[in-house]
Amino acid sequence: SGDSLLTIADMDAFFSNNEQIGDGVMRASADVALSGDFFVLFAFKGHHICDMEAWRGVPSDAIVAFIRKFLDKNGIREENFTYDANGLGLWLKDQLPMAVGFNNKSAPSDSRLWNNLKSEAAEKFCKAVKSGQMSISEEVLKRSFTDDRKRTFAVKDRLMEERKAIKRKDTDNGRFEIISKPQMKTEIGHSPDFIEAMFMIMPMFEKQEKKMVRDGFDDFF
């Protein structure tokens, strides 16, 4: 694998960008985890990240309540919520039937360009960040959490670290494929829960915005 798709300069520009409200629709995404990894929720107003929560060691019977509370707090409809449907997220299908499962290994929108949906979402997120079409609340960036090693970190620092996990896998078929989860963990020493929860929203943008007239977004859809 080569260099990260997102540079330090890209992330600094993302952190200092003005609010990219886009269509203004409230959406949310989640990377589901129950053990040592973080269970991360992000709220988006258009293309602006306006709220987030993260927990470790969440009991399985409490996750749905946490999600519903987060969606209610931000005025997000269930059908505008997407979650990692691989592994632990599978059982949310019955609990949140209107939500949209994100299957990492499902087919991309164009199999000539990407190997799977996760690779497509990751590359589109990187392009959106690089072109100034994503922004994040300063208050969100300042929030702090403690990992399983008792180390406290700010969201801003965590995202800057996790950018290094967004790398292209060496392939000989010409299609883009992101490196595997074990490789990501090797790169940064832990699961990239925060940035994965963030780029998981990209298919929701495409699904809901493609019928709308808009300026400045066609280059990565």
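The values are calculated or read from the model by the stated rules, or taken from the named source; none is laboratory data. Please read all numbers here as calculations on a predicted model, not as lab measurements. Please note: Cβ atoms are built from the backbone with ideal geometry, for glycine as well, and neighbour counts cover all protein chains shown. With ligands, DNA and RNA removed, areas are computed over all heavy atoms of the protein, side chains included. Shrake-Rupley method; radii C 1.70, N 1.55, O 1.52, S 1.80 Å.
Among the residues of region 47-59, those that are part of a loop (DSSP other than H, G, I, E, B) and either more than 16 Å from Met198 (Cα to Cα) or small (Gly, Ala, Ser) (or both) comprise Gly57, Val58, Pro59. Looking only at region 4-46, residues that are part of a loop (DSSP other than H, G, I, E, B) and touching a strand residue (DSSP E or B) at 6+ places or on another chain (Cβ under 7 Å) come to 10 in all.
For region 92-126, the set of residues classified as in contact (Cβ under 8 Å) with a residue 24 or more places away in the chain, assigned to a helix (DSSP H, G or I) and surrounded by fewer than 16 Cβ atoms within 10 Å (Cβ to Cβ) consists of Gln95 only. So is Arg68 over 19 Å from Asp193 (Cβ atoms) and in contact (Cβ under 8 Å) with a residue 40 or more places away in the chain or not? So Arg68 fails the test. Is it the case that Phe125 is more than 16 Å from the chain's Cα centre (by Cα) and either at pLDDT below 95 or closer than 23 Å to Asp37 by Cα (or both)? Criteria not met by Phe125. The one condition from (1) in contact with a Cys (Cβ under 7 Å, 6 or more places away or on another chain); (2) under 27 Å from Gln183 (Cα atoms) that Val58 does not meet is (1). Screening region 51-65 for residues that are surrounded by 12 or more Cβ atoms within 10 Å (Cβ to Cβ) and among the charged types (D, E, K, R) and picking the one that is nearest to Glu138 (Cα to Cα) gives Asp51.
Which of the residues spanning region 74-91 are in a helix (DSSP H, G or I) and surrounded by fewer than 12 Cβ atoms within 10 Å (Cβ to Cβ)? Gly87 - this is the single residue of region 74-91 that is in a helix (DSSP H, G or I) and surrounded by fewer than 12 Cβ atoms within 10 Å (Cβ to Cβ). If the condition is being open to solvent by less than 70 Å² (accessible area, probe 1.4 Å) and of a type in the set (Asp, Glu), then region 156-193 contributes Glu161, Glu162, Glu177, Asp193. Filtering region 37-57 for residues that are touching a Pro at 6+ places or on another chain (Cβ under 9 Å) and over 17 Å from Phe205 (Cα atoms) leaves an empty set.
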